[in-house]
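Bear in mind these aren't lab numbers, they're just calculated from the coordinates by the rules spelled out. Here the structure is a predicted model, which is why all the values come from computation and not from measurement. Reconstructed Cβ throughout: ideal geometry from the backbone, glycine too, with neighbour counts over all protein chains shown.
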Amino acid sequence: MKVSDFNYDLPERLIASEPLRNRTDSRLLVLDPRTGDVTDRQFPAIRDYLRNGDLLVINDTRVLPARLHGHKASGGAVEILLERLTGGPEALAQVRASKTPRPGSEILLEGGISVEVLERAGEFFRLRFPAEPPLPQLLERHGHMPLPPYIKRQDTDEDRERYQTVFADKPGAVAAPTAGLHFDGPLLAALRSDGIETASLTLHVGAGTFQPVRSETIEGHRMHAEWLSVPASLCEAIQRTRARGGRVIAVGTTVVRALEAAAAQGELAPFEGETEIFIYPGFEFRVIDGLITNFHLPGSTLVMLVSALAGREEILGAYRHAVSEEYRFFSYGDAMLILPGEGGEAP
């Protein structure tokens, strides 16, 4: 399959650069992959499509203020985007500068903080920050929220809250699991009152989620690695859901990747570690039945993932409908529900 098979035309004006006033103000496109039919709703109508006994699986990762600004000792401007905290004061990061920094060189950040460049690590750099304050605290004080590259503005104080889910708990991501941005406390409480259970896993989304596919064919692409944790309690919740005839609904593609990576050996089991799982048409889903997701970039691995679940033609048809109806796209945009099959069977 060619990457170009997953492109679609998107007017730039439909890329959402700001969050809506309220999280649940988003629109919801409901796709039935068995028929290709689409329905236009508002996000709170998600309650009409979930039923007593279903399980919503959420990603409780928390986005770090992972973008830092500074300069080299020579005076040249530098931007650092952390990819991953690797323990203690060290981290992997993208470094943007007029000239590639050398191992052993120093970067001076806002606030007078000195960072040492340890080595090149593929497309990233290993950096060492001061031992005090701890790196997460340093980021909270001096970092900026790492808004996606298609949001062409500086981050604001509002982004500190809105580019974060209400259930964000475990710091480590440099991009938000955006399907979760549509939920607020009252909606989650209403779903619980409907008999819909919620359980969580953690996948720390990396900046690589925005990297374009550079090969012409899907098979030539290699995914970036991301750290995840699927706890035993979640595996047990899924077993209970299956036993009662409920359905497993993933909130976001990060949840899909985490669950299917944890079931890669055939059965879902607790898992902690890295995954480079690449889901595209032909993939056999073992865990999820349905998916709540945002609209994704043309030709991206995430369009391929949702096409694997619902069918390429069905997804592209739904995206054409979303464009014609002027839905808002990408991280701060609207949502899509890919309906599950009946009786807990994937579509």
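Observations on the model:
- The chain: most fluctuating residue of Ile46, Ile279, Ile58 per GNM, C-alpha cutoff 10 Å: Ile46
- The amide H of Arg247, built 1.01 Å from its N in the peptide plane, has Asp54, Leu55 as neighbours under 5 Å, considering only residues 5 or more places off or on other chains.
- Highest-MSF residue in the chain out of Lys99, Lys170, Lys72 [GNM, Cα springs under 10 Å]: Lys99
- Largest GNM mean-square fluctuation across Arg162, Arg102, Arg126, computed for the chain with C-alpha springs under 10 Å, falls on Arg102.
- For the stretch 213-347, the relative contact order is 28 percent, taking Cα pairs closer than 8 Å that sit 6 or more residues apart in sequence and dividing their mean separation by the residue count.
- Contour minus Cα-Cα distance for Asp194 and Met1 (0.36 nm per residue): 65.3 nm
- Contour excess over end-to-end distance, with Cα ends at Thr35 and Glu18 and 0.36 nm allotted per residue: 2.8 nm
- Mean silhouette area of the stretch 67-144, derived from the convex hull of its C-alpha atoms and averaged over all directions, reads 4.5 nm².
- Two-site FRET efficiency, Lys170 against Arg214, from Cβ-Cβ distance with R₀ of 30 Å, rounded to 0.05: 0.45
- The stretch 82-161 versus the stretch 212-274: alpha-carbon centroid distance in Å: 28 Å
- Under 27 Å from Lys72, Cα to Cα: lysines that are on another chain or at least 8 residues apart: Lys99, Lys152
- Nearest-0.05 FRET efficiency for Arg320 and Arg47, computed from C-beta distance (R0 30 Å): 0.65
- Stretching Glu132 away from Leu118 to a fully extended chain increases their span by 3.2 nm, per 0.36 nm per residue minus the current alpha-carbon distance.
- If you plug the beta carbon distance of His69 and Leu10 into 1/(1 + (r/R0)^6) with R0 = 25 Å, you get a FRET efficiency near 0.25.
- Dipole-positive endmost among Leu20, Ala237, Ala318 within the chain (Cβ charges, Cα centre): Leu20
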